[in-house]
């Protein structure tokens, strides 16, 4: 029996367990929308911009741990998805993009909105650099196999986005239902590899014999749901753990062995451990620039003193930035259990290093004490530290937070304790403004019983506030906390530190007055309940009201532009402000062997 391709695609997505499709309409996808309108299991979530739809699908995938699905029109529809798809790609988030395309019988004839600068009907090539695979479906009978391949590829190995570009006439073709029979038999999961037993044993031996081992945890721990396994291993061997930005939540930030973040926005005491480690085991991390202080020796890591071990699901990441004595491809959940088993064979009683725990406890207490006065400060506009303190006091521990770019990401990762895995989500790889303001929509749909909010700057929120409309139309109760400093604050700080100017980074009127849109009024115009905070004392009760409302809610919070402390190094500073403590590419240490802080290591004023 024959049936429309569009209807059989909907049937497939239902069987696949897809709950939501995030998108925006266009003439090339109306055939699919027609079939989707009759589904009782799939919900279509419409946005006013495809970038927002892609970021919402990203947010859903981060929380749900399976591919988010995006529906896009051709041409400007697909080009609008680029930033959202790239954001997912850089952070290894699974996504399936289904895009309408021109009819096959009009290829190369300039049908409306065709992309054909270098070849006919070549729009699928737009996303090629940022997806794991891009298909153009020229044969309707190939659709069943392509769908299965797409989801499997998106969710297996190092996860990421894929594209299926569908000529609009294919949606309206009828093909035999028999062709989709294979999809009833195909498994929904690809089993990932465990460690080779010999590698597990060698890694365990290295960790046990090391004098100052450190485990460096990246976002791969969270993607593999390996937080418990990580805690079990480090607890048995008393090994301190540093983490990347995307690794926040891999272990509770208040865990007695958690050092905290490394890199440019890391912590000084974290670097004391990582620079003096004789063995570092990197888990699900790319040792990327921001987390590694632009790879300057002796600032965050030092390959001249440290032996690196690395486990990742992606072979291309092994040894990319630091030479490894052991590099292994494995699922981290399986690998950590194997390493712990081997460790128990070697040293059944485990290791106890109370002096390490005591040092970490003291260093953390000192850091928190250094921030106490500014976090308690009642001046207005509010300090970002005070905003975070009040947020922490109001929201439940299992609330899900999406950050954006700026203080709300860098400062949160440095100073806001996360205690439950996968309850905070940063745009790490691409660091995309506008991510938090739309990703929270998908996050809430993935976890409807949780409080879901975004901490977003006014610059990031202003990129595209259109997600407000979707929240109202769909009745999605999320909270936007707009940390409003009337600037692109992070860049303003960096520019001022190097050039003593903030040109192009602060928002002003022609006469020089500070300017900010009235975001609370904008939200009300969309139909979103909102409050403009006018004093520090107003914020905490306003946030409590937003949480209890169970409605879409926005709080516009004027904030002082205080730059996040930067203990590490970043090459954009070094280009213009060469560090006094770097000689011939090496960091100078004092007579006690301690790192001499870079000349830009404190907050920029």
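Read-outs throughout are calculated quantities, based only on the coordinates presented, and are distinct from any laboratory measurement. In this text the structure is predicted, and so the values were computed from the model without any measurement. Note that we place each Cβ from the backbone using ideal geometry, even for glycine, and neighbour counts take in every protein chain shown.
A few comments on the model shown:
- Stokes-Einstein D in µm²/s, Kirkwood radius over Cα pairs - segment 370-427 at 25 °C with 0.890 mPa s viscosity: 204
- Structural descriptor for segment 197-360: relative contact order 27 percent, calculated from alpha carbon pairs under 8 angstrom and at least 6 residues apart.
- In degrees, nearest ten, helix 197-209 long axis to first principal axis of the chain (Cα): 30
- The label-point distance for residue 3 and residue 181, in a model that sets each label 7 Å from Cα toward Cβ, rounds to 1.4 nm.
- Using alpha-carbon coordinates, inclination of helix 5-16 to the longest axis of the chain, degrees: 40
- Fully extended contour minus Cα-Cα distance, from residue 156 to residue 508, at 0.36 nm per residue: 122.0 nm
- Share antiparallel - DSSP beta bridges, segment 377-558, percent rounded to 5: 10
- For segment 122-252, the equivalent ellipsoid built from the Cα gyration tensor has semi-axes of 43, 17, 12 Å, listed from largest to smallest.
- Convex hull of segment 22-119 built on C-alpha atoms - directionally averaged projected area, nm²: 6.9
- Averaging 1/r across all pairs of distinct Cα atoms in segment 377-558 and inverting the result yields a Kirkwood radius of 16.5 Å.
- Inter-probe distance in nm under a simple model that places probes 7 Å from Cα toward Cβ, at residue 27 and residue 305: 6.6
- If R0 is taken as 30 Å, the Cβ-Cβ distance between residue 352 and residue 225 corresponds to a FRET efficiency of 0.60.
- Computed helical MRE - 222 nm, the chain, DSSP H runs ≥ 4 contributing -39500 (n - 2.57), nearest 500: -11500 deg cm²/dmol
- Over every Cα atom in segment 2-185, the radius of gyration and the widest Cα-Cα span, Dmax, amount to 14.9, 43 Å.
- Counting every other Cβ atom within 10 Å of each residue's Cβ, 488, 180 order from fewest to most as 180, 488.
- 10 Å-binned pair-distance histogram of the chain (Cα, whole percent): 3, 16, 25, 25, 19, 9, 2, 0, 0
- Ranked by the mean number of other Cβ atoms within 10 Å of their residues, highest first, the peptides 114-122, 85-93, 301-309 come out as 85-93, 301-309, 114-122.
- Calculated Rg and Dmax of segment 213-303 using C-alpha coordinates, Å: 11.7, 32
- Axis angle, to the nearest 10 degrees, between helix 50-64 and the longest C-alpha principal axis of the chain: 60 degrees.
- For segment 2-185, the relative contact order comes to 26 percent (Cα pairs under 8 Å, sequence separation of at least 6).
- Here the ratio of the Cα radius of gyration of segment 290-384 to 2.2 N^0.38 Å is 1.59.
- Alpha carbon centroid spacing (whole Å) that separates segment 156-198 from segment 400-422: 34
- The share of Cα pairs per 5 Å bin across segment 197-360, counted from zero up to the longest distance, runs 2, 10, 21, 26, 23, 14, 4, 1 percent.
- Length-normalised contact order for the chain - Cα pairs under 8 Å, 6+ apart - percent: 13
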